[in-house]
Amino acid sequence: MGIANLIKAFAATLIGGVGNLWGALLGGLLIGLAENIGVLFISPGYKDGIAFVIMVLILLARPYVILGERSD
Amino acid sequence: MDLLLHLCVVITIYAIFALSLNVEVGYTGLFNFGHVAFFAIGAYTSALLTLAGIPFIWSLPAALAMAGLCGFLLSIPALKLQGDYFGIATLGFGEILRMIFNNEVWLTKGPMGLPGIPRPEFFGFIFDTLPRYLALSAGFALLTFAILAFVVLSPFGRALKAVRDDETAAEILGKNAYRFKIKSFVIGSVFAGLAGVLWAHYATFIGPGDFTLTETILVLLIVVMGGKGTFLGPVVGAVVLIFFQESVRFLRLPPEWTRLLGPLQQMIFGLLLVVLMVFRPEGIIREKGGER
């Protein structure tokens, strides 16, 4: 049951950058907005998947994520 | 007696499932938290095809090919991620796949699931009774064991272990770690698909609720407890864990406690995993030649 929330929390952390407090805040906001705007375009059944897709896309495009320090 | 046979069938299916995960977790060091997705792909593909009237002999290879193809497609982006991020990516893939099964009602009938999946049939011989089905699943388990043992003992298997132990060193020696990981992932996916096919035709009913994270955790527990990176480990783990899981049913508990049995099982599994990690992190069977 809690898996969807776990993934969203993880996605928010990753998007904002691990170890970055304000980044996590921004990530959470981004995911919340993306989820709720996203259902305009796709079936609400897939709502929980949006956060995850965003997370993977961001991880692939920028492994050092938005506001975090660059580690590689 | 029937219960025992049923348990044996479930054990053989989980043994195949665990053996396939062992290729990824044990030999290549890829912690795949979405392994149940490939189990589900195999189960759904074969179930849908046989329900459409295609014989089992064709639906089985189709399901294996589908699981392998999905594994290949997932592994291309996912394996670019490092360590933990790979685990999270596979976890999410499993969840997304379950959402697809839940939402694409035209194909999978959504949460209602697919009832009435026919028993497998080979050239007019139907595996409908328990002993017959056990023979079928045990045969496939032996075949899986033999193929995976062959794969792991070959130079390819040694290269996988090299990638697991030190990716940089393997790459310096001229092994393309990314490609080896993809191959390992595809092999694991195909055999997970096989386990799924056997499960679908055994249970004769599948629904999205059968393929949750709990299944992945159970099979990871089987691999880690049995001993990852060993031949017999996943098999031993499957026997011990499935018997243990079923024996909880026979606990004499006061009636008002019986509703707690399900959560209790989960709690005991969690506790078992923690205790095992602390006291015997290498599992019941140890890998030969590994660092201690």
Exercise for review: Go through (1) open to solvent by 10 Å² or more (accessible area, probe 1.4 Å); (2) within 21 Å of residue B:113 (Cβ to Cβ) and name the single condition residue B:40 misses.
Suggested key: (1)
Study note, to complete from the structure: With the first residue restricted to region A:1-24 and required to be within 11 Å of another protein chain (Cβ to nearest Cβ), and the second required to be in a helix (DSSP H, G or I) and open to solvent by 50 Å² or more (accessible area, probe 1.4 Å), Cβ contacts under 8 Å at 6 or more apart or on different chains are A:4/A:48; A:7/A:48; A:8/A:48; A:14/B:85
Point to revise | Residue that is farthest from the other protein chains (Cβ to nearest Cβ), among those in region B:92-102 that are in contact with a Ser or Thr (Cβ under 8 Å, 6 or more places away or on another chain) and open to solvent by less than 40 Å² (accessible area, probe 1.4 Å) | key: B:101
Exercise for review: Being closer than 9 Å to residue A:59 by Cβ and either assigned to a helix (DSSP H, G or I) or under 19 Å from the mean Cα position of the chain (by Cα) (or both) is the filter here, so list the residues in region B:78-87 that pass it.
Suggested key: B:85
Exercise for review: State whether the residues of region B:248-258 include one that is modelled with pLDDT under 75, closer than 26 Å to residue B:10 by Cα, surrounded by fewer than 10 Cβ atoms within 10 Å (Cβ to Cβ) and out of contact with any Pro (no Cβ under 8 Å at 6 or more places or on another chain).
Suggested key: yes
Review point. With B:31, B:38 as the choices, which residue is outside any helix (DSSP H, G or I) and either closer than 24 Å to residue A:51 by Cβ or of a type in the set (Phe, Trp, Tyr) (or both)?
Key: B:31
Revision key, fill the gap. Restricting attention to region B:116-125, the residues that are open to solvent by 70 Å² or more (accessible area, probe 1.4 Å), at negative phi and more than 22 Å from the chain's Cα centre (by Cα) number exactly 2
Exercise for review: Return yes or no: is residue B:78 touching a Phe, Trp or Tyr at 6+ places or on another chain (Cβ under 8 Å) and closer than 15 Å to residue B:202 by Cα?
Suggested key: no
Practice item. Answer with yes or no whether residue B:116 is under 29 Å from residue B:239 (Cβ atoms) and either at pLDDT below 85 or part of a helix (DSSP H, G or I) (or both). Key: no
Exercise for review: Give the number of residues within region B:79-91 that are over 25 Å from residue B:48 (Cβ atoms), more than 8 Å from chain A (Cβ to nearest Cβ) and in contact with a helix residue (DSSP H, G or I) (Cβ under 8 Å, 6 or more places away or on another chain).
Suggested key: 2
Review point. Among helices (runs of 4 or more DSSP H) lying entirely in region B:163-258, which contain 1 or more residues that are of a type in the set (Gly, Ala, Ser) and closer than 21 Å to residue B:36 by Cβ?
Key: B:177-203, B:213-226, B:233-247
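The values are calculated or read from the model by the stated rules, or taken from the named source; none is laboratory data. If you're wondering where the values come from, they're calculated on a predicted model, not measured in any experiment. Note that each Cβ is placed from the backbone with ideal geometry, even for glycine, and that neighbours are counted across all protein chains shown. Protein only, heavy atoms only, side chains kept; ligands, DNA and RNA dropped before computing areas. Shrake-Rupley method; radii C 1.70, N 1.55, O 1.52, S 1.80 Å.
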